[in-house]
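Asks: Quick one: the structure is below, questions incoming.
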Amino acid sequence: MTVTDKEYETAFGQPLRRKEDAHLITGQTRWVDNLSAPGMLYAAYLRSPMAHAKIRVNTEAAKSYPGVVAVYSAEDFGAAQAVIPDAWTVHPDMKKPVMTPLATDEVRYAGEPIAVVVAETRYQATDALEAIEVDYDPLPAVIDLEAAIGDDSPLVHSSIGTNTCFYIESPGEAYAAAKAQAEADGGVVITRRFLQQRLLPTPMEPRAVLVVPTIDDLTVYASTQIPHVLRLLLAMLTGHPEHKLRVVAPDVGGGFGGKINCLAEEIIGVHLAKRLGRPVKWTETRSENFLQMHHGRAQIQDIELAATREGKLLGLKVDLIADLGAGLRLFTAGVPMFGAAMFNAIYKMDAYQFNCRTVFTTMTPTDAYRGAGRPEATFAIERMMDELAAELGMDPIEVRKKNWIEHHEFPYTTISGSIYDSGNYEAATERAVELFGYDELKAEQKARRERGDRMQLGIGVSTFTEACGLAPSRVMGQLGVGAGGWERAEIRVTLTGKIQVVSGSTPHGQGHWTAWSQLVSDKLGVPFEDVELLAGDTATGPQGMDTYGSRSLVVGGSAIVKACDKVIEKAKRIAAHTLEANPDDLEFAAGVFTVKGSPGPQMAFVEVAAAAQLAHNIPDGMEPSLNSAYTFDPINLSYPHGTHLCCVEIDTETGFTSIYRYACVDDVGTVVNPMIVEGQIHGGLVQGIAQALFEEAVYDEAGNLITGTLVDYLLPSAADVPSFLTDRTETPSTDNPIGAKGVGEAGCIASTPAVVNAIVDALRPYGVNDVRMPCTPERVWRAIQGGQSQSGSVAKGGAQ
Amino acid sequence: MIPAGFDYVRVNSAADAVAALQTSEDAKILGGGQSLIPILRLRLATPELIVDVSGVAEMNGIREDGDAIVIGAGTTHHDVTTSDLVRTHAPLLAQATATVADPQVRHRGTFGGAIAHADPAGDLPGVALVHNATMTIAGPAGTREVAAADFFLDYLTTTLAEDEVLVSIRLPKLGAGWGTHYEKFTRVAQSWSIVAVAAAVRRENGSIAEARVALTNMAPTHLRAAAVESALTGAAASAEAIKAASQAAAEGTSPTSDLNAQADYRAELARVLTGRAVAKAAGLS
């Protein structure tokens, strides 16, 4: 996409340069680690080197180390230490074992905090960790998910008597009937086991917390996605009054879900600042980040699909085993359930059964990671659709066409009960096929197969949808989420007509400054440059539900639009008063109020702003100022979709797999800034491709994370991915005033199955029908050698 | 992580470096820091003294010396890859160095540092073996020279003593008739080699008169694929002959098994990559 400096008549829909980039690129950012306060101390945490053990802690010797101000373990805080919070009660009978910020008596994952040293410098704090004595009395690690379910398994939490957090089973009669029909009528029943490996969110900026106490007040600077939720949780957990607790998320360098939690370092940070009366800062190292920030995915998926001989879906059955890790964090238990409604995806079917068992293990807890439940579901169904096509000898796109919801059928209530707002799968797919050169690549694949080329091609399809715009409050309540889903925005108009947007949704890389400015610029007719954003500070924006689940534009952007409408409504009354006209006779366009049908008197928005602020001459009884606020709570989620096509090239002698061509057409509804949307798609694609090819958090049998550095946990760079072919269709959402659907997770959800489908397609002549993720060169090579498909157990250790 | 405390001295000559090393039982040399600093940060090493040689002029730069080029140990990878002398007389080194990690690392990391660190997955020791390089080493008794074949002893271990410093590496030029190629296999661009092969081939009248092949990450240290070299000597410069000779690539190796590759897969990679490296060096593909 070409960006020019052309002045746009309207900002909305234009690829305007991001306002936030200048300060990011020139290093004028305010990361938490850049901040300091007078008298600031530094904290360092001693973390368990073992997966599971009884512990006895002696901190005495560390207290006399140079520069050390205090050393604490769990027993120093007692019950006042509080617990790690969880906010999603998925099931009334679910087990909720207690985890404390600093481990009490027992550690349950490698990396769990045991003690904290506070010292005058970061070096002194780190040095003193070596003097803390911990007796570890080892307990068995629980690493294998299926073994953990067994009656004879060691327990992660002996207090709850089981490793199962909850088991949910949905009625199976309809699916059983669908399966029986398929079997009776000569149809097909296909079963597959897919393994969703553990992933590490790996934002570029690790977590960091600085807590500054002043008399009765506390200011918490945190690298977080959720300043408002964090304030509420810290107040509830520590007993510090909410109104005397300010949380600031300054510049935040990415999150991918990894920063939607409230963990030991935030809770203990508050305790330390209050006890010591001095500011205390802690910044996570990458090694700590890999152990302490929650992990993502980690599921075993047993999928069964029944279809007619002609490729019409009859039913789908899903049996999940989800690895929760050592305990519950805010949304841990909800992640597999958020995916539950997405396995049926864009397809019509008569029966759907979903069973889910969630299991505690002695590994880092899991929680929401870019997509959170939806990538797992999308992977499973899109892999199955390609398997169905292969089984029937049909084209995978044709199989999808036979089953997808057609554009005239929206709004559509799916078999799992979701109401899809809008969509046009036909249009996106047609454009993607054209962009990709589907027929040309099929022909090239055939030619290479026929001549026995060392470099073979495979083509994979993914026609995904997802649920975005995480809200509405009513639905979140029904799902057992301990939070609302609305979003808040305030529009402040200064005397000179400049606009401050106070947004409850908080940026950590998305482009809020730019997109919000575009929305406001068009609504109020003010220059793009005249809009500024106030976000990420509970002092300036006390109410908000923060940023996750592709909700910022859909929910927060809608609140801004609605607040602008209130500003305009009031401005119109002031303009009418000044122009001595009836408000109903006024028109507002391009920042100017005019009298309908009259070329004469008019009043610019900036003049109205001044009049409203001066209040020398406004209608009787009117409150001065144009400032307005709106809290938007949508009636439904939004459902973006798209068609992704991937062609891989495999070196059959080494198994090395590269992406030969990748084309995608995404429909994310109405687009405010196409450059930002394209950036989100590109980043998401790379992250989804990384799950397919590169990334895996691997534990050994003793419960050690053996991919604990970026040397072993492989992230792709620009050198490892192709130039993507992207395009869009635009089917507006019907459920919000912008028509936006959300784009933050789309690329990451759609791309993983497209890549794996392509790899399996390339290898079908060798008798292969699955390759475990990540599809490493060795796994691909072994599949070619053995012709066998690979299943196994998640996180069993080693790279088999 | 944060490194443990250490003393630090910055020296201006190789002799001063040697003198500084003699003052401590537990000293480490800091060049570009691309291997040492990660180890310090993770506290995998906690040396008492760091001797910084990055400012030693005699250890920096590339010069021609008769039938060889001499590269100061402190010369950065970036300077190696962009040197006309290297590109002309040791293109294999230029090619291999360009695959080291990423641009930031190549601007900091040094040729001598990579040689002295002797990581079996590193790209440059194999090139030194193929070039029959000579290491110039400064120590308490003055300067000594060691052939590359005698320099690399074991995993992360060379013939360098605790009080010695690598000053320069002398690479005999590969003249007319020689072709070279570095074939590297990684999962992502910036990662260490899973297996790599450095090859140099001299052709004469359609045959291979002489072949040198070194393997990366097929043993605790880099090694020459002697069986392949002897099978190639005098063989026809044909795809079939090269492929046949390359089947011996894993002989005498002892590859490890890790997350990226089990030993049997590494052995197969060695055979495949050797075939490709030699064929390209021989000008066949």
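Asks: Show A:LYS259, B:LYS28 ordered by accessible area, largest first, where the area counts protein heavy atoms only and the probe is 1.4 Å. Before the final figure, lay out each step's value.
Replies: Numbers: A:LYS259 5, B:LYS28 90 Å².
So, going from the largest accessible area down, we get B:LYS28, A:LYS259.
Asks: With a 1.4 Å probe and all protein chains left in place, how much accessible area per residue does region A:115-233 have, in Å²?
Replies: On the way: 4830 Å² over 119 residues.
For region A:115-233, the per-residue accessible area is 41 Å².
Asks: For A:LEU710, what charge total do you get from the other residues with a beta carbon under 12 Å from its beta carbon, if Lys and Arg give +1 and Asp and Glu give -1? Please report the intermediate quantities before stating the final value.
Replies: Values: positive: A:ARG286; negative: A:GLU695, A:ASP712, B:ASP102.
Spelling it out: positives minus negatives among the neighbours equals -2.
Asks: Evaluate the charge dipole of region A:486-632 about its Cα centre and quote only its size in Debye, nearest 20, assuming +1 on the Cβ of each Lys and Arg and -1 on the Cβ of each Asp and Glu. Provide the component values of the computation, followed by the final result.
Replies: On the way: 11 positive and 17 negative charges, 41 e Å.
So the dipole magnitude of region A:486-632 works out to roughly 200 debye.
Asks: First obtain the Kirkwood hydrodynamic radius of region B:63-172 from its Cα pairs, then insert it into the Stokes-Einstein equation at 20 °C and 1.002 mPa s, and state the resulting D in µm² per second as a whole number.
Replies: Details: Rh = 13.8 Å.
In µm²/s, the coefficient is 155.
Asks: Among the listed pairs A:LYS259/A:LYS523; A:LYS402/A:LYS446; A:LYS95/A:LYS259; A:LYS402/A:LYS562; A:LYS401/A:LYS523; A:LYS259/A:LYS401, give every one whose C-alpha distance is greater than 30 Å.
Replies: Values: A:LYS259/A:LYS523 32 Å; A:LYS402/A:LYS446 25 Å; A:LYS95/A:LYS259 24 Å; A:LYS402/A:LYS562 40 Å; A:LYS401/A:LYS523 40 Å; A:LYS259/A:LYS401 39 Å.
Beyond 30 Å: A:LYS259/A:LYS523; A:LYS402/A:LYS562; A:LYS401/A:LYS523; A:LYS259/A:LYS401.
Asks: Roughly how compact is region B:194-281, stated as its Cα Rg over 2.2 N^0.38 Å to two decimals?
Replies: Details: Rg = 12.5 Å, N = 88, 2.2 N^0.38 = 12.1 Å.
It is 1.04.
Asks: Given the convex hull over the Cα atoms of region A:1-128, what projected area results after averaging over all orientations, in nm²?
Replies: Values: hull surface 61.3 nm².
The directionally averaged projection comes out at 15.3 nm².
Asks: May I pose another question? Could you bin all the Cα-Cα distances of region A:654-800 into 10 Å bins starting at 0 and give me the percent of pairs in each, rounded to whole numbers?
Replies: Over region A:654-800, the share of Cα pairs per 10 Å bin runs 11, 34, 30, 18, 8, 0 percent.
Asks: Just how much of A:ARG17 is accessible, in Å², when a 1.4 Å probe is used and the result is rounded to the nearest 10?
Replies: We get 140 Å² for A:ARG17.
Asks: Related question: Per residue of region A:543-551, in order, report the coupling 6.51 cos²θ - 1.76 cosθ + 1.60 (Karplus, θ = phi - 60°) as ³J(HN,Hα) in whole Hz, putting x for Gly and Pro.
Replies: The phi angles translate into 10, x, 10, 6, 10, 5, x, 6, 10 Hz.
Asks: Going highest first, how would you order A:522-528, A:592-598 by mean Cβ packing within 10 Å?
Replies: Working: A:522-528: 20.1, A:592-598: 15.7.
Answer by packing, highest mean first, reads A:522-528, A:592-598.
Asks: Using alpha-carbon pairs under 8 Å, 6+ residues apart, how would you state the relative contact order of region B:194-281 in percent?
Replies: Working: 162 pairs, mean separation 28.4, N = 88.
Dividing the mean separation by the residue count of region B:194-281 yields 32 percent.
Asks: Take the alpha carbon atoms of the protein assembly as shown, find their radius of gyration, then divide it by 2.2 N^0.38 Å using N residues; give the quotient.
Replies: Working: Rg = 31.8 Å, N = 1085, 2.2 N^0.38 = 31.3 Å.
Rounded to two decimals, the normalised Rg is 1.01.
Asks: Normalising by the residue count of region B:7-52, find the relative contact order in percent from Cα pairs under 8 Å and 6+ residues apart.
Replies: Normalised by residue count, the contact order of region B:7-52 is 58 percent.
Asks: Run the dipole for the protein assembly as shown about the Cα centre, Lys and Arg Cβ at +1, Asp and Glu Cβ at -1, nothing else charged, and hand back the magnitude in debye, nearest 20. Present the calculation step by step, with values, prior to reporting the outcome.
Replies: Working: 89 positive and 130 negative charges, 96 e Å.
It works out to roughly 460 debye.
Asks: Which value, in debye to the nearest 20, gives the size of the charge dipole of chain B about its Cα centre, when Lys and Arg are +1 and Asp and Glu are -1 at the Cβ?
Replies: Working: 22 positive and 30 negative charges, 195 e Å.
With only Lys, Arg, Asp and Glu charged at Cβ, the dipole is about 940 debye.
Asks: Which Cα, out of B:ASN132, B:THR158, B:GLN104, lies furthest along the positive dipole direction of region B:63-172 (beta carbon charges, K/R +1, D/E -1)?
Replies: Value computed over the given set: B:GLN104.
Asks: List the residues of region B:244-265 whose accessible area drops by at least 10 Å² when all protein chains are present, compared with their chain alone, using a 1.4 Å probe and counting only protein heavy atoms.
Replies: When all protein chains are present, B:LEU259, B:ASN260, B:GLN262, B:ASP264, B:TYR265 each give up 10 Å² or more of accessible surface.
Asks: Shifting gears a bit: Which helices pass in chain A if a helix is a full DSSP H run, must span at least 20 angstrom along its long axis by Cα, and must have mean Kyte-Doolittle hydropathy not below -1.0?
Replies: Numbers: long enough: A:374-392 (27 Å, -0.15); A:558-579 (31 Å, 0.25); A:674-693 (28 Å, 0.73); A:746-763 (27 Å, 1.47).
What comes out of the filter, once short or polar helices are dropped, is A:374-392, A:558-579, A:674-693, A:746-763.
Asks: What shape does region A:613-667 have by the C-alpha gyration tensor, where a ≥ b ≥ c are the square roots of the eigenvalues, rounded means a/c under 1.5, and otherwise prolate means a/b greater than b/c and oblate the rest?
Replies: Details: a/c = 6.42, a/b = 4.10, b/c = 1.57.
Taking the square roots of the gyration eigenvalues as a ≥ b ≥ c, region A:613-667 is prolate.
Asks: With the full set of protein chains in place, find how many percent of the accessible area of region B:7-52 is carbon and sulfur; take the probe as 1.4 Å.
Replies: On the way: 1180 of 2430 Å².
Here carbon and sulfur together make up 48 percent of the probe-accessible area.
Asks: OK, next. Note down the Stokes-Einstein diffusion coefficient of region B:7-52 in µm²/s, whole number, using a Kirkwood radius over alpha carbon pairs, 37 °C, and 0.692 mPa s. Walk me through the numbers before you get to the answer.
Replies: Working: Rh = 10.8 Å.
Approximately 305 µm²/s, per Stokes-Einstein.
Asks: Right, here's the next one. So for region B:126-187, what are the equivalent ellipsoid semi-axes in whole Å, largest first, each being the square root of 5 times an eigenvalue of the Cα gyration tensor? Before the final figure, lay out the partial values.
Replies: Working: eigenvalues 130, 56, 13 Å².
In descending order, the three semi-axes are 25, 17, 8 Å.
Asks: Then there is this: For region A:427-577, place one equal point scatterer on every Cα, skip the solvent, and apply the Debye formula. What is log10 of I(q)/I(0) at q = 0.13, 0.17 Å⁻¹?
Replies: Normalising to I(0) and taking log10 leaves -0.73, -0.96.
Asks: Under 13 Å from the Cβ of A:PRO140, count the other residues' Cβ atoms, weight Lys and Arg +1, Asp and Glu -1, and hand me the total.
Replies: On the way: positive: A:LYS54, A:ARG108; negative: A:GLU106, A:ASP137, A:ASP144, A:ASP152, A:GLU701.
Every neighbour counted, the sum reads -3.
Asks: Taking region A:429-494 as the region of interest, what is the percent of Cα-Cα pairs per 5 angstrom bin, listed from the shortest bin to the one with the maximum distance?
Replies: 3, 12, 13, 10, 8, 8, 7, 8, 9, 8, 8, 5, 2, 1, 0
Asks: Once the other residues with Cβ under 12 Å from the Cβ of A:LYS348 are scored (Lys, Arg +1; Asp, Glu -1), what is the net sum?
Replies: Working: positive: A:LYS312, A:ARG400, A:LYS401, A:LYS402; negative: A:ASP350, A:GLU406, A:GLU409.
It works out to a net charge of +1.
Asks: Okay, next question. Return the long-range amide H neighbours of B:SER207 (sequence gap of 5 or more, or a different chain), with a cut-off of under 5 Å between placed amide H atoms.
Replies: B:ALA237
Asks: Give the interface area between chains B and A as buried accessible surface, both sides summed, probe 1.4 Å, in Å² to the nearest 100. Walk me through the numbers on the way to the answer.
Replies: Details: alone 12720 and 29030 Å², together 39330 Å².
Its buried surface, counting both partners, is about 2400 Å².
Asks: Would you kindly derive the ³J(HN,Hα) couplings of region A:499-508 from the backbone phi angles with the Karplus curve 6.51 cos²θ - 1.76 cosθ + 1.60 (θ = phi - 60°), listing them in order in whole Hz, with x for Gly and Pro?
Replies: 10, 10, 9, 9, 10, x, 7, 10, x, 9
Asks: Indicate the gyration tensor shape class of region B:13-105 (rounded, prolate or oblate), computed on the Cα atoms with a ≥ b ≥ c the square roots of the eigenvalues: a/c under 1.5 is rounded; otherwise a/b larger than b/c is prolate and the rest oblate.
Replies: Judged from the Cα gyration tensor, region B:13-105 comes out oblate (a/c at least 1.5, b/c at or above a/b).
Asks: Something else now. For the peptides A:690-696, B:105-111, A:377-383, what is the packing order when you average, over each peptide's residues, the other Cβ atoms within 10 Å and list the highest mean first?
Replies: Numbers: A:690-696: 24.6, B:105-111: 21.6, A:377-383: 27.7.
Order by mean packing, descending: A:377-383, A:690-696, B:105-111.
The values are calculated or read from the model by the stated rules, or taken from the named source; none is laboratory data. Being a predicted model, the structure only gives us computed values, none of them experimental. Positions of Cβ are backbone-derived with ideal geometry, glycine not excepted, and every protein chain shown enters the neighbour counts. Ligands, DNA and RNA are stripped out before the accessible areas are found, and what is left, the full protein with its side chains, is counted by its heavy atoms. Shrake-Rupley method; radii C 1.70, N 1.55, O 1.52, S 1.80 Å.
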